Amino acid sequence: IKNVFSSSDTYGARIYYGRSFDFRNNIIENITSSAPTYGFYAYGYESDPCRDMRIDNNVFKNISGSGNVYGLYFLYTKNSKITNNIFENIRQTSGSASNFADGIHIDGNSDSTYIANNVIAGVFASSNKSAAGYIQSGIKLNKSKGHRVYFNSVNLFGDNQGRDPSAGISSAITMVSD
């Protein structure tokens, strides 16, 4: 999946309410939007989450947009595996201090995710963040529990200041509780 340009919410790949879904050996690159942008997006209901998904051996490269930008985003998922993927150049091109820029973002009520052997590099935000929940992260575990995170490589490199000259914050792994 290559060269997707849009002015609305944009997804390289999207799954709603899936069960035992495998997404393997894909390349998603050059996804750009003037709105929130997702390399991969999985969403279920709180009462009926997506379960037992396997996201394996994919490349997510050059994902950029205004607002929130994610290489991979899970909301209302359970017991899934994210392994052996590459996330490179995840960039928020404009936005505010309350927008996200994350390589892997596991959001509320997405419990028991196994995250291993992924490579994440080049996550950038256009504005500096000071609140822990919004800082740019290689892996963000946001208000969820029971995760296993092993052997990932996160490289947040380069001049990462946005338009704000004050120092910003970034993190290889961020955990946010309720």
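The values are calculated or read from the model by the stated rules, or taken from the named source; none is laboratory data. The structure displayed is predicted, hence computed values, not measured ones. No Cβ is skipped: glycine too gets one built from the backbone with ideal geometry, and neighbour counts run over all protein chains shown. For the accessible areas, the whole protein counts, side chains as well, though only heavy atoms, and no ligand, DNA or RNA atoms are used. Shrake-Rupley method; radii C 1.70, N 1.55, O 1.52, S 1.80 Å.
Computed quantities for the displayed model
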| quantity | calculated |
| --- | --- |
| Within region 128-168, strands (runs of 3 or more DSSP E) holding 1 or more residues that are in contact with a Gly (Cβ under 9 Å, 6 or more places away or on another chain), modelled with pLDDT of 90 or more and open to solvent by 60 Å² or more (accessible area, probe 1.4 Å) | 153-155 |
| Residues satisfying the stated conditions in region 74-92, i.e. part of a strand (DSSP E or B), open to solvent by 20 Å² or more (accessible area, probe 1.4 Å) and either among the aromatic types (Phe, Trp, Tyr) or touching a Phe, Trp or Tyr at 6+ places or on another chain (Cβ under 6 Å) (or both) | Leu75, Lys81, Arg91 |
| Tally of residues being in contact with a strand residue (DSSP E or B) (Cβ under 9 Å, 6 or more places away or on another chain), more than 21 Å from Arg54 (Cβ to Cβ) and not hydroxyl-bearing (Ser, Thr, Tyr) across region 91-121 | 8 |
| Residues that are aromatic (Phe, Trp, Tyr), part of a loop (DSSP other than H, G, I, E, B) and either under 18 Å from the mean Cα position of the chain (by Cα) or under 13 Å from Tyr38 (Cα atoms) (or both), drawn from region 1-24 | none |
| Matching residues, region 26-47, being among the aliphatic types (A, V, I, L, M) and under 16 Å from Phe74 (Cβ atoms) | Ile28, Ala42 |
